[in-house]
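To start, the structure under review is shown below, and the notes come after it.
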Number of protein chains: 2
Amino acid sequence: MSAMTESTPATAEQIAAQLTEAVHEHRLQPGAKLREDEVCEIFGVSRTIVRQALRSLEFEGLLTIEKNRGAFVSKPTLKEAHEVFQARALLEPSTARAAAERANAADIGLLEQHIEAEHAALDRDEAGLALKLSGDFHLEIARIADQHTIEQFLRQLVSRSSLVIALYWRRRNALCESNAHHALVEAMQNRDGDNAEELMKGHLLDIYSQLDLRNREEGSVSLKEALRL
Amino acid sequence: MSAMTESTPATAEQIAAQLTEAVHEHRLQPGAKLREDEVCEIFGVSRTIVRQALRSLEFEGLLTIEKNRGAFVSKPTLKEAHEVFQARALLEPSTARAAAERANAADIGLLEQHIEAEHAALDRDEAGLALKLSGDFHLEIARIADQHTIEQFLRQLVSRSSLVIALYWRRRNALCESNAHHALVEAMQNRDGDNAEELMKGHLLDIYSQLDLRNREEGSVSLKEALRL
DNA sequence: AACACGTATATCGTATACAATCTTGGCTTA
DNA sequence: TAAGCCAAGATTGTATACGATATACGTGTT
């Protein structure tokens, strides 16, 4: 994460945003520890503020705070991974439909810009950035649908999806999905709610099916395995 | 809210739980202010702990914290009221289906106990308690469905529903809904997922249709109106 | 040599003191 | 009298100091 260069001290919200970005871009891996003093020094604020930021990220599901041990980037279990995508499957298709029925030209333009930015990031081999932008695309649809409550939930689900992807994503056949986003925008441009809903449903299943559902072992175990080589 | 009588100081979680209960039971009305010092004295803890509790309730949507002004019980707008029930309509029917397919005898017994407690509360004219129990019933279904992520979201939605009901509920024909809960349990007992899903959908629409959707004015305005009488 | 125990250190949890901000009441003035 | 302004008090925001807990390391014992 980048240090603050401004003169005014960072707010808890800004710190939370930067940490979120780092996790979404996989610069901070699940399991990574965030020591309070360390974060304090990086952002030049007191622990009070940092603790606020960490606490808010715990509520979002991004961090797990263990009493007297500290804050760690969450490591969703396989069950949680399932639950996240089941919840998304319930919320997002009908939200895509509503967005398709409401989207104006400016909205469409913004989504297209988004897709371009994704492609550009991939071209520059910044897979983390592309992943973050991909998540933002889904949030943007909820915003267009003018469903603030669902957008709020989706924010948490996208956050957790990012962790799930970090843990369970198959590296091969990595990036076949930008077409799905493009097709969605096309449906929205045509005011085709039915199609948008179906495309979103399929898109989520696509992502879900690309997860490796075998249970990952803990780091300590994989260290043991490594020593046997 | 009742003061703590225990010897050990209250935790932030306990304080949050008691405040939540008070709001759910409508002993604390939307718009009510919660001064930090006041809450400190009631629970015998320092402001650090109280601020944690208030902050967590803000994340749940129960409180709204205005910078340098304090924490208030949230007053959902009409749009937010709509959004809450739209989100519930997306999440709860399929959750009821899953619960129906998973519920065992103990689960059914618990739900029946819940309904009885609701009736008992109504008989004692404790409408607030009955309302809280009614919300817990919905959460219990998510627990039975073994959908922790959805349960978490539903907890927030039930909380906000309680605020919506406090603001927009029509007093007349107050309590025709306990039958709906009973019918749901029956469907679950019969392992009838289809029916459980449909019943839940109808139940949510019922509640929603009993809300008074005319825009309420602020307290100051209603005071003016009151002076004209 | 391996294990258990105790102490030292690092880290988090809580209380408190101080600073910043808002609110309230009284005063002035048009 | 009503409106505007200033000062005092009340309330929240932040930093820091202290206490509690967990971790790591070294020592002693088997």
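Here the alpha carbons of the protein assembly as shown define both size measures, Rg and Dmax, at 23.7, 87 Å.
Residues whose amide H falls under 5 Å from that of residue A:63, counting only those 5 or more places apart or on a different chain, are A:58, A:74, with hydrogens built in the peptide plane.
Hey, if we sort B:24, B:119, A:148, A:138 by accessible area with the 1.4 Å probe, largest down, what's the order?
Details: B:24 25, B:119 80, A:148 115, A:138 5 Å².
From most exposed to least exposed: A:148, B:119, B:24, A:138.
A straight chain from residue B:89 to residue B:179 at 0.36 nm per residue would run longer than the Cα-Cα distance by 30.5 nm.
Averaged over peptide B:49-59, how many Cβ atoms belonging to another chain are found within 10 Å of each residue's Cβ? Please report the intermediate quantities before stating the final value.
Details: counts 0, 0, 2, 3, 0, 0, 5, 4, 0, 2, 6.
Per-residue shielding by partner chains comes out at 2.
For the range A:78-209, with all protein chains in place and a probe radius of 1.4 Å, 49% of the accessible heavy-atom surface sits on carbon or sulfur. Within the shell of other residues whose beta carbon sits under 13 angstrom from the beta carbon of residue A:196, the net charge comes to -4, with Lys and Arg scored +1 and Asp and Glu -1. Distances between copies of residue B:78, taken at a point 7 Å out from Cα along the Cα→Cβ vector and listed shortest first: 5.0 nm. The tail of the calculated P(r) for chain B beyond 33 Å holds 21 percent of all Cα-Cα pairs. In this Cβ point-charge picture (+1 for Lys and Arg, -1 for Asp and Glu), the range B:78-209 has a dipole of about 540 debye about its Cα centre.
Once label points are set 7 Å from the Cα along Cα→Cβ at both residue A:59 and residue B:78, what is their separation, rounded to one decimal in nm? Label-label distance for residue A:59 and residue B:78, simple model: 2.8 nm. Within the shell of other residues whose beta carbon sits under 9 angstrom from the beta carbon of residue A:74, the net charge comes to 0, with Lys and Arg scored +1 and Asp and Glu -1. Residues in the range B:37-50 carry Karplus couplings, in order, of 4, 4, 4, 4, 5, 4, 9, x, 10, 7, 5, 3, 5, 4 Hz; the curve used is 6.51 cos²θ - 1.76 cosθ + 1.60 with θ = phi - 60°, and Gly or Pro positions show x. Take residue B:48, push a point 7 Å out from Cα through the beta-carbon direction, and compare it with the same point in every other copy: 1.2 nm, smallest first. Solvent-accessible surface of the protein assembly as shown, taken per residue with a 1.4 Å probe and all protein chains present: 52 Å². For the range A:116-162 and the range B:70-144, what is the separation of their C-alpha centers, rounded to whole Å? Cα centroid to Cα centroid, the span is 32 Å.
The values are calculated or read from the model by the stated rules, or taken from the named source; none is laboratory data. Just so you know, these numbers come straight off a predicted model, no measurement behind them. Here the Cβ is made from the backbone with ideal geometry for all residues, glycine too, and neighbour counts use every protein chain on show. Heads up: the accessible areas ignore ligands, DNA and RNA and are worked out on the full protein's heavy atoms, side chains in. Shrake-Rupley method; radii C 1.70, N 1.55, O 1.52, S 1.80 Å.
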